[in-house]
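Only one structure is covered here, and it is reproduced in the block below.
Nothing in this text is a laboratory measurement; each read-out follows from the coordinates by a stated rule. What you see is a predicted model, and the numbers here were worked out from it, not measured in a lab. Neighbour counts are summed over all protein chains in view; Cβ atoms, including those assigned to glycine, are modelled from backbone coordinates with ideal geometry.
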Amino acid sequence: MNFQWYPGHMTKAKRQMQEDIKLIDLVVEIVDSRIPFSSRNPDIDELGKNKYRLILMNKADLADKKATDKWTAYFKKKGYFVVSLDARSKNGMKTITDIIMEACKEKIERDLKRGIKNRPVRAMVVGIPNVGKSTFINSYAGKACAKTGNKPGVTKGKQWIRLNKNVELLDTPGILWPKFEDQMVGLRLALIGSIKDEILNTDELAVELIKFLIKEYPGILAERYNIEEVENPTDMLLKIAKSRNCLSKGNELDYSKAAILLIDDFRSGKLGKLTLEMPPVEE
């Protein structure tokens, strides 16, 4: 299976972000807790250098908590502030303003020394497509937010959302693009639904997911589908088809229906809290 991204989009998105980043103090980068490495683009480290950095590990409710803790420790060691949350249910939202203030403490103290009081921290949300940027902005801003409109010295057309007296958010999230040099990255993005399903081979995707689950989370498929776990992923898919009565018109077992069912169960958390990659082990 081959995964692509379009260079034209990439160049435009990067140029836009280079402009927007000049206006802000803090980069809020959203990643998916199930694939924290594959759902981030390393270029953000270059684009966001000299800015304060916060990584939000979204959809933490679907991820393996032990893995999330390891990723949190990994990112903190690299100098990022980190929060894990579920933007849809607003879990973890309350702590975010406090962490933003802590992350930007130096800037706030510098402002005070210059006699500038109560100037809000300006932040921008960035991330790859479908990682939950807009959901986060809407959940975090809530109904209380007001767009502060154009201000002197701000690029024409930029809108700022005043979240509270301390934080303003650029209302347009920055779009990063996934790095597909490593096909495993593409595979993981496809599994969580970041790539349109129409362009994917769902059967192949399901087979790859089964291989991973048998190795890293043995017993999980047996429990969910009430089947015996065997090593051959194709046989496993047929067992799932039989267990869930996935039949085609001629009453044959329908491999593709079972593949779609399995991937949907994974994405919705019905297989349990699962993480598809672990942080690199550092010496």
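Taking label points 7 Å from Cα along the Cα-to-Cβ direction, residue 76 and residue 249 give a separation of 5.8 nm. Using the beta-carbon distance between residue 203 and residue 113 and R0 = 45 Å, what value does 1/(1 + (r/R0)^6) give for FRET efficiency, to the nearest 0.05? Computed FRET efficiency for residue 203 and residue 113: 0.15. Helices meeting the span-like rule in the chain (full DSSP H runs, Cα extent of at least 20 Å along the helix axis, mean Kyte-Doolittle score of -0.5 or higher): 202-216.
Taking every pair of alpha-carbon atoms in the stretch 201-267, give the share separated by more than 15 Å as a whole percent. Considering the stretch 201-267, 44 percent of its Cα-Cα pairs are separated by more than 15 Å.
Any lysines with Cα under 22 Å of the residue 113 Cα? List them, leaving off those in the same chain fewer than 8 positions away. Hits, sequence-local ones excluded: 51, 105, 165. Placing a label point 7 Å from the Cα of residue 256 along the Cα-to-Cβ direction, the residues of the stretch 186-225 whose backbone N falls under 19 Å from that point are 191, 196-209. Here the simple spin-label model places points 7 Å from the Cα toward Cβ, and for residue 16 and residue 101 these points are separated by 3.3 nm. When you filter the trypsin sites (Lys or Arg not before Pro) in the stretch 184-238 for DSSP loop state and at most 12 other Cβ atoms inside 10 Å of their Cβ, you are left with 196. To the nearest Å, what is the center-to-center distance of the stretch 238-276 and the stretch 39-55, using C-alpha atoms only? Going from one Cα centre to the other spans 38 Å.
With both residues required to sit in the stretch 7-175, DSSP beta bridges show an antiparallel share near 25%. Evaluating kT/(6 pi eta Rh) at 20 °C and 1.002 mPa s, with the Kirkwood radius of the chain over Cα pairs in the Stokes-Einstein relation, gives 104 µm² s⁻¹. Among 77, 257, 113, the residue with the largest mean-square fluctuation in a Gaussian network model of the chain, with springs joining Cα atoms closer than 10 Å, is 113. For residue 174, the residues whose amide H sits under 5 Å from its own are 125, 126, 127, ignoring neighbours fewer than 5 places away on the same chain, with H placed 1.01 Å from N.
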